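The values are calculated or read from the model by the stated rules, or taken from the named source; none is laboratory data. These numbers were taken from a predicted model, which means no experiment stands behind them. Cβ coordinates were reconstructed from backbone atoms using ideal geometry, including for glycine residues, and neighbour counts include every protein chain displayed.
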Amino acid sequence: MKKATVLVLAVMFSILAVSAAAAQSGQSDGTDASRTIQRTLRVSGEASARVPADMAVLDFGIVLQAKTALAAKDAVTIAAARVNGALLALGIEREEIQTGNFDIQPLYDDRPGKQSVITGYTAAAGITVRLDDTSLVAKAVEAAIGAGANEVRSLEYGRKDSAALKLQTLSQAALQARTKAAALAEALGVTLGKPLQIEEQGFALRAYSLRGVDMKALDVQKAFAPGSVETSASVSILFEIR
């Protein structure tokens, strides 16, 4: 009986010794792993580009007054038809011209005691035209104004390939970031590794535009000269270094 008890105790002590050794080995491995830290280098990259605009959107306004609402409406309708015709004569496609935002408002007497008296009506309409040829902008303005439009509400230049332009600018920013990372790695005496993380920090497309043009002080050729589009992008890249 005593021999059996001694044998059982010996086996238990052996198991405990093996478990303690395994635990110590695992703790040692964990300590070594925690000391293995991946070295990294984070850099930012920026890029910008300026390219000629290849499209434009013009917004014209027609605002006329008459004694009656019907007369004001008819006057604006006739003027809008003339403006459309003048734009079509330049070779602009009909689907690129849109007429809308039609509105009629009463005019009231501003004399004391007669503010509720209607003296006439103001009718307005807007005509928006998209141009795929920016050299037509000044000609379109002159044609529309000559045909009856009396407001140039806005002009916005742009690019038809804005999506491709964004990718191109982002690619240039990424290349600039890699060049910067390579220079820093060389200065620090380390080897630049693969990129571990890439983040787009921002993208902007800014185009020349005009709003609320004063027709009385307008020099058409100067005010509506072909504009440009500027893009800018920034990225952040985390590189492995060895």
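Here are a few things to note about the model shown:
- Output for segment 89-114, where each listed residue is of a type in the set (D, E, K, R) and in a loop (DSSP other than H, G, I, E, B): Glu93, Asp109, Asp110, Arg111, Lys114
- Condition met for Ala49 (touching a helix residue (DSSP H, G or I) at 6+ places or on another chain (Cβ under 8 Å), within 30 Å of Lys194 (Cβ to Cβ), surrounded by 10 or more Cβ atoms within 10 Å (Cβ to Cβ) and at pLDDT below 95): yes
- Reported count of residues in segment 219-242, each being modelled with pLDDT of 95 or more and more than 23 Å from Ser171 (Cα to Cα), is 0.
- Entirely in segment 115-218, the strands (runs of 3 or more DSSP E) that have 2 or more residues that are assigned by TED's automatic domain parsing to the domain that holds Ala80 and modelled with pLDDT of 95 or more: 118-131
- Considering each residue of segment 59-71 in turn, at least one proves to be under 27 Å from the mean Cα position of the chain (by Cα) and aromatic (Phe, Trp, Tyr).
Residue-by-condition table, conditions (1) polar (S, T, N, Q); (2) closer than 26 Å to Arg50 by Cα:
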site: Ala173; (1), (2): no, yes
site: Gln176; (1), (2): yes, yes
site: Ala187; (1), (2): no, no
site: Ile198; (1), (2): no, yes
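- For beta carbons closer than 7 Å, sequence separation of 6+ or different chains, a first residue in segment 144-164 that is under 14 Å from Arg130 (Cα atoms) and a second that is assigned to a loop (DSSP other than H, G, I, E, B) and at pLDDT 90 or above, the qualifying pairs are Tyr157/Ala53; Gly158/Ala53; Arg159/Ala53; Arg159/Asp54; Lys160/Asp54.
- All of Leu70, Leu41 fail the test of being more than 30 Å from Asp161 (Cβ to Cβ) and either of a type outside the set (A, V, I, L, M) or in contact with a Phe, Trp or Tyr (Cβ under 8 Å, 6 or more places away or on another chain) (or both), apart from Leu41.
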